[in-house]
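Have a look at the structure below, then the notes.
All of the numbers you see were taken from the coordinates with simple rules; none came from a lab. Since we're looking at a predicted model, the values are computed, not measured. Every residue, glycine among them, receives a Cβ derived from its backbone with ideal geometry; neighbour counts consider all protein chains shown.
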Amino acid sequence: MESYRLTIHELARRLARRELSAVEATQAVLARIESIGAGINAYITVDAEGALAAAAAADQRLAAGGAPPLCGVPIAVKDLLCTKGLRTTCGSRILENFVPPYDATVVEKLRAAGAVIVGKSTMDEFAMGSANENCPLAVPRNPWNRDYICGGSSGGSAAAVAADLCAASLGTDTGGSIRQPASHCGVVGVKPTYGRISRYGLLAFASSLDQVGPLTKDVRDAALLLNVLSGHDRRDSTSVDQPVPDFTATLDHGVRGLKVGLPREYFGFGLDPEVKAAVDNAVRLLTGAGAEVREISLPHTEYGVAAYYLIAPAEASSNLARYDGVRFGHRDPAARELGEMYCRSRSQGFGPEVKRRIIIGTYALSSGYYEAYYRKASQVRALIIEDYRRAFAQCDLIVSPVTPTPAWPLGAKSDDPLSMYLSDILTIPTNLAGLPGISLPCGFSGRGLPIGLQLQAGHFQEELLLRAAAQLESELALSERRPPLA
């Protein structure tokens with residue numbers, strides 16, 4: 001098997017045995033990117049020189065013995081995580097030439113673990129999108145069918161893993177932006193509990209919702225990456241000082257005796273029959289493996305999208321105010337005075353979707369409208385959190401589809417933002433409640449497009465999620481299936 005197809009744990013084993021060098025593994029990935037990368041557009045920036053230098057250093061560590069867990073493993077990083085000396089664009093013209101002077105905490109942890117950072121993956125501009133079509137620098141394509149979307153906003157991260165353009169990648173999830181592209185691209189994606197992984201060095205979209213997480217080829221790799229990324233960070237005020245278990249330790253414990261909830265609101269109108277059939281099959285497998293399945297209710301699910309699209313834009317309006325053309329980022333050189341410079345720089349630098357959300361958020365926070373919009377959305381968020389509290393009093397896990405439909409053709413929803421927003425209806429509540437969730441492949445549509453299954457658990461219950469996901473992955477036997485790429 002070509003080395004670029006290997007999982008993290010397979011690659012680490014071969015590297016440790018010196019059957020393969022880190023330089024050879026990195027060269028194979030770079031050659032793969034050179035060969036098919038232009039057809040997928042998974043990267044905004046490829047750092048071949050830096051990757052090979054890191055791989056050479058990894059080989060030295062491997063030769064010395066006692067190498068760290070990701071030593072020599074090629075990994076992609078979503079282009080809103082700061083990388084020292086390597087440009088970080090956030091998928092936007094306004095930061096097209098921005099080079100950070102420091103690493104995000106998760107990037108520091110990757111480097112400390114010996115990972116080889118291949119490049120920065122494509123994303124919706126400022127992580128605002130569900131199809132990864134809102135990026136003026138590059139629009140990625142689904143490796144399973146290049147005429148279809150790969151999901152957003154971490155679309156490049158998911159596509160890179162699915163197309164074997166890296167061993168694994170980092171994404172971020174604000175309303176489903178790891179799980180949704182993982183579902184559409186047929187890979188594993190984990191949104192951890194809010195506060196489990198540091199957000200320091202993440203260019204924020206919505207600070208109370210954003211969370212960094214892994215996208216991988218199988219569940220074990222997701223657990224390995226969570227081991228490296230998790231932990232308290234004093235530089236991040238939202239980071240929680242919570243013990244970090246070995247997430248690989250319980251992967252083989254099965255699901256016997258676990259109570260699994262099926263929220264009736266997630267299986268209603270608008271759910272594609274092929275998606276429902278694939279999820280129903282996975283539920284039968286859970287039952288056969290000894291889990292107890294019961295119906296539950298999350299009654300405020302239908303209000304999640306409306307609440308999210310007030311809370312997230314409001315926070316974005318505040319976070320994106322810093323991009324004014326003064327300290328860094330794009331500045332219009334023709335502006336003659338300060339107000340004109342602000343207006344022209346931001347108008348030129350931000351794309352249509354980002355402008356739309358800034359306007360919505362600013363309006364929701366404005367005098368006379370705060371109580372009617374933002375405050376009510378926050379109250380709905382509290383109701384959704386209470387829904388989950390009651391649900392987890394009845395069950396250990398919640399299982400559902402990730403998205404109502406498989407991936408759709410590129411451009412099919414570009415002129416209908418509301419339809420695009422509704423595609424995240426099944427992932428948004430997890431973020432509003434700060435819960436962990438995972439997407440893993442559970443089947444394929446008649447067009448050969450992947451379908452994902454979502455598992456949710458209580459706060460800091462990632463071990464439980466990964467344990468159930470590993471059981472399903474073993475039963476479904478889909479992790480070896482790869483897109484039909486030359």
Q. Share of Cα-Cα pairs in the stretch 258-349 beyond 15 Å, in percent?
A. 74 percent
Q: Could you list the GluC sites (Glu not before Pro) in the stretch 322-372 that lie in coil according to DSSP, counting only those with at most 16 other Cβ atoms within 10 Å of their Cβ?
A: Glu337
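When DSSP assigns beta bridges and you keep just the ones with both residues in the chain, what percent turn out antiparallel, to the nearest 5?
Looking only at bridges with both residues in the chain, the antiparallel portion is about 65 percent.
Test of the criteria: in the stretch 420-486, which trypsin sites (Lys or Arg not before Pro) are in a DSSP loop and have at most 15 other Cβ atoms within 10 angstrom of their Cβ? Intermediate results must be reported in sequence, preceding the final value.
Details: sites: Arg447, Arg467, Arg481; in loops: Arg447, Arg481.
Hits after loop and neighbour filter: Arg447, Arg481.
Kindly put Lys84, Lys191 in sequence by how many other C-beta atoms sit within 10 Å of each C-beta, fewest to most.
Fewest-to-most ranking of Lys84, Lys191: Lys84, Lys191.
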Q) Separation of the stretch 9-78 and the stretch 192-266 by C-alpha centroid, Å? A) 24 Å
Q) What are the GluC sites (Glu not before Pro) within the stretch 414-486 that DSSP puts in a loop, where the Cβ has at most 11 other Cβ atoms within 10 Å? A) Glu480
Q.
Sorting check: for 318-324, 89-95, 121-127, which peptide has the highest mean count of neighbouring beta carbons within 10 Å, and how do the rest follow?
A. 121-127, 89-95, 318-324
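Work the Kirkwood hydrodynamic radius out for the stretch 26-182: mean of 1/r over every pair of different alpha-carbon atoms, inverted, in Å.
Details: mean 1/r = 0.0656 Å⁻¹.
Final number for the Kirkwood radius of the stretch 26-182 is 15.2 Å.
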(Q) Less than 11 Å Cβ to Cβ from Trp144, Lys/Arg counted +1 and Asp/Glu -1: what total charge do the surrounding residues give? (A) +4
Q) Using Cα-only point scatterers and the Debye equation, what is log10 of I(q)/I(0) for the stretch 201-342 at each q in 0.19, 0.21 Å⁻¹, rounded to two decimals? A) -1.31, -1.30
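Would you mind counting up the charge near Gln461? Only other residues with Cβ under 12 Å from its Cβ, with Lys and Arg at +1 and Asp and Glu at -1.
Values: positive: Arg196, Arg467; negative: Asp396, Glu462, Glu463.
Once all neighbours under 12 Å are counted, the net charge is -1.
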Q: For the stretch 107-179 and the stretch 308-377, compute the distance between their C-alpha centroids and round to whole Å.
A: 25 Å
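Using the crude model of +1 on Lys and Arg Cβ and -1 on Asp and Glu Cβ, and no other charge, please compute the dipole size for the stretch 350-486 relative to its Cα centre, in debye to 20.
Details: 13 positive and 13 negative charges, 79 e Å.
About 380 debye.
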**Q.** Charged-residue dipole, Cβ positions (Lys, Arg, Asp, Glu), the chain about Cα centre, Debye nearest 20
**A.** 400 debye
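Arrange the peptides 66-77, 275-286, 210-221 so that the one whose residues have, on average, the most other Cβ atoms within 10 Å appears first.
Working: 66-77: 24.1, 275-286: 18.2, 210-221: 27.1.
Packing order, densest peptide first, comes out as 210-221, 66-77, 275-286.
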Q) What is the order of Arg196, Arg32, fewest Cβ neighbours within 10 Å to most? A) Arg32, Arg196
Q.
Using Cβ contacts closer than 10 Å as the measure, can you line up Ser367, Ser21 from fewest to most?
A. Ser367, Ser21
